[in-house]
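Okay, structure first, notes after.
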Amino acid sequence: MVNYNAEFLDRDELESFQFKDLGKDVLIHRSVVLVRCEAISLGDHVRIDPFCVLSSGEAITLERNVHIASHCTLSGSAAIRLGAFSGLSQGVRIFSASDDYSGQSMTNPTVPQQFRNVKKAPVIVGRHAIIGSGCVILPGSIIEEGAAVGAQALVKGRLSSWTIYGGVPARSLRRRSEAILEFEARYLAQLQSKT
């Protein structure tokens, strides 16, 4: 198999970025943009694919076995947390801050803060949550454990655990199986037996 431009950073390079926390077996593609590494925590077995942007304000935390597919953006001045075994499909955008679009203030970071009205609130993506391609997650959103969000959805607010969502804005479609938890237990037991 021939690959072109498919290179991940090696461990020495990752350590040189001085992340807040850096787990083992972390894969980050060379094209990923990382802003404020000292506020980024990466758990074991995290993988971040090409052309992503992680721009940390307060903090970005990726727990163990998180996968971020290509062309995703995690950005904002408030904290963003992705729980263990969660995943973002291609082109997901997570924002923990947003300008006021009402016209009652100015917008964009080139304008002094006194003329802007930025809403900021943490975003939490729970364990085993999966976010479909092209979704937009707005400030203050909480996606509970095991929730699944279909492609192109807009998330604003709280999504219940073990539920499948879709649409603009995202709405509940049906329940999601919790069988994943059995696979997690077997996987973690297998990892434990290797140590």
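Here is the figure for segment 9-24: residues that are of a type outside the set (F, W, Y), touching a strand residue (DSSP E or B) at 6+ places or on another chain (Cβ under 9 Å) and either within 24 Å of R127 (Cα to Cα) or assigned to a loop (DSSP other than H, G, I, E, B) (or both) total 5.
Evaluating A6 against the criteria (1) small (G, A, S); (2) outside any strand (DSSP E or B); (3) closer than 16 Å to V125 by Cβ leaves one unmet condition, (3).
Each row is one residue, and each column tells you yes or no for (1) in contact with a strand residue (DSSP E or B) (Cβ under 9 Å, 6 or more places away or on another chain); (2) without any contact (Cβ under 8 Å) to a residue 12 or more places away in the chain.
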| position | (1), (2) |
| --- | --- |
| V2 | no, yes |
| L27 | yes, no |
| S31 | no, no |
| R64 | no, no |
| G76 | yes, no |
| Q90 | no, no |
| I94 | yes, no |
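Selection over segment 143-195 of residues that are surrounded by 13 or more Cβ atoms within 10 Å (Cβ to Cβ), among the charged types (D, E, K, R) and in a loop (DSSP other than H, G, I, E, B) gives a count of 4.
No value in this document is a laboratory result; all are computed from the given coordinates. Note that the structure is a prediction, hence the values are computed from the model and not measured. For neighbour counting, all protein chains shown are included, and Cβ atoms are generated from backbone atoms with ideal geometry for every residue, glycine included.
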